[in-house]
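Notes to accompany the following structure.
Where a number appears in this text, it was derived from the coordinates with a stated rule and is not lab data. Note that the structure is a prediction, hence the values are computed from the model and not measured. Note: ideal-geometry Cβ built from the backbone for every residue, glycine included; neighbour counts use all protein chains shown.
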Amino acid sequence: MSGPQLFRPITVGGLTLENRIVIAPMCQYSAQDGCMNDWHQIHLGQLALSGAALLTIEATAVVPEGRITYGDVGLWDDATEAAMARVLESIRRWSGMPIAIQLAHAGRKASTDLPWKGGAQLAPDHANGWQTVAPSAASFASGEAPPTALDRNGLARIRDAFAEAARRSARLGIDAVQLHGAHGYLLHEFLSPLSNQRDDEYGGSLENRMRFPLEVFDAVRAAFPNDRGVSMRVSGTDWVDGGWDVESTIAFAQALEARGCAAIHVSSGGLDPRQDIPVGPNYQVPLARAVKQACGMPVIAVGLITDPEQAEAIVGTGDADMIALARTILYDPRWPWHAAAQLGGQVKAPPQYLRSQPRRFKDLFGGE
Ligand SMILES: Cc1cc2nc3c(=O)[nH]c(=O)nc-3n(C[C@H](O)[C@H](O)[C@H](O)COP(=O)(O)O)c2cc1C
């Protein structure tokens, strides 16, 4: 019964996970016309051998104009679905790790250059750019081309695209869907009063600002098989006075839970360049803890979690049910192995690698 909490199984949305370590979604900006390729196979493939409990596919656009960059992965037609199917088939042949997908629309933060080319907005008339859309015609940063405010038809089209991408995800055998409601992208833009200046039923009060993200959740929940989970990633705060905050996040989490949300993943920021983020180890954990104390569904904490003892403390003290890793697991793709070794837990290793178990960690890979 003893042993590290980080390596105790948990069931989330009908899926039993072997431990509490989740691989966070990470855009690779390396797709062509939304199609995954061999980079995604290499990248996701190595992470699928890491010993984490769940692999989350990067922010995947539900329509082409919902991509952050022209290199983003999409899931909006048969070609993007077939490309993803090829990558998944290869990974699944060699790894049993469950796979989730983050479905996304970048809203007014779409149409930018690749991060390693500076990441600036690309104007609608640029060869690799397009006209962005958002709740209101207010740009992210001054000097940027403003988004077009979505009308009723535009909202319905995007909601339906999320549902269609969820159906494609189900067909691909993906184990869980996460909706991207964080980091200043479309759903977050509806939530925050700083980006949502609408005067119809989708703007104004908290209830109105939550309406479109909740409609998208309901549509995706209805489109994805009942026995597989749909979760939400949120920004717990905008880190700007007068913006989205932790109290609103709790209200949103409770509304999601009442609709059958499987889990909530608490990140922060990304909506407003004025954000003042107290970056440091665990900097977002207090947000996860506040949500955890106010709702019953599993909560995932993320952000500068780098050390196994640190991760064990987050899960062990009940601040969150799971932890997610992004930069940490890119830097050290065997982090879960090293964490299990350090904490006295066990991980699954592929049979091809069993001989790598260090002699002093006799049960690391679960014995014979
Ligand atoms: C290369 C990279 C790509 C990312 N792409 C996404 C993404 O697609 N969706 C998302 O919600 N967050 C994305 N993030 C944010 C991470 O998921 C994570 O929340 C953040 O990096 C903090 O965790 P960390 O300190 O372990 O990196 C990305 C981060 C990195 C480093």
Please list 3J(HN,Hα) in residue order for the range 168-185, calculated via the Karplus relation 6.51 cos²θ - 1.76 cosθ + 1.60 where θ = phi - 60°; whole Hz, with x for glycine and proline. 5, 4, 4, 5, 7, x, 5, 7, 7, 10, 10, 8, 8, x, 10, 6, x, 8
Relative to the first principal axis of the alpha-carbon coordinates of the chain, what is the inclination of helix 38-47, with its axis defined by its Cα atoms, in degrees from 0 to 90 and to the nearest 10? 50 degrees
Setting aside same-chain residues fewer than 8 positions from residue 109, which lysines have a Cα under 19 Å from its Cα? 117
For the range 117-134, what does the Karplus curve 6.51 cos²θ - 1.76 cosθ + 1.60, with θ = phi - 60°, yield as ³J(HN,Hα) per residue in whole Hz, taken in order and with x for Gly and Pro? 10, x, x, 6, 4, 9, 5, x, 8, 6, 4, 9, x, 7, 6, 8, 10, 6
Expressed in nanometres to one decimal, the distance between label points 7 Å along Cα→Cβ at residue 156 and residue 138 is 2.8 nm
Part-to-part distance (alpha-carbon centres) for the range 57-102 and the range 1-50, which is given in Å: 13 Å
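Taking the highest mean first, how do the peptides 151-159, 221-229, 24-32 order by number of other beta carbon atoms within 10 angstrom per residue?
In descending order of packing, they fall as 24-32, 221-229, 151-159.
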All other residues with a Cβ under 13 Å from the Cβ of residue 240 taken together, and with Lys, Arg as +1 and Asp, Glu as -1, what is their net charge? -4
log10 I(q)/I(0) for the range 17-120, Debye formula on C-alpha points only (no solvent), q = 0.12, 0.19, 0.22, 0.24 Å⁻¹, two decimals, reads -0.38, -0.91, -1.13, -1.27
Taking the Cα atoms of the chain, report the difference between the largest and smallest coordinate on each principal axis, in whole Å and largest first. 63, 42, 39
Through the Karplus equation 6.51 cos²θ - 1.76 cosθ + 1.60, θ set to phi - 60°, convert the phi angles of the range 237-244 into ³J(HN,Hα) values in whole Hz; use x for Gly and Pro. 6, 7, 6, 9, 4, x, x, 4
Label-point separation, residue 207 to residue 226 (7 Å along Cα→Cβ), nm: 3.0 nm
Suppose R0 equals 22 Å; then what is the FRET efficiency for residue 353 and residue 332 from their Cβ-Cβ distance, rounded to the nearest 0.05? 0.90
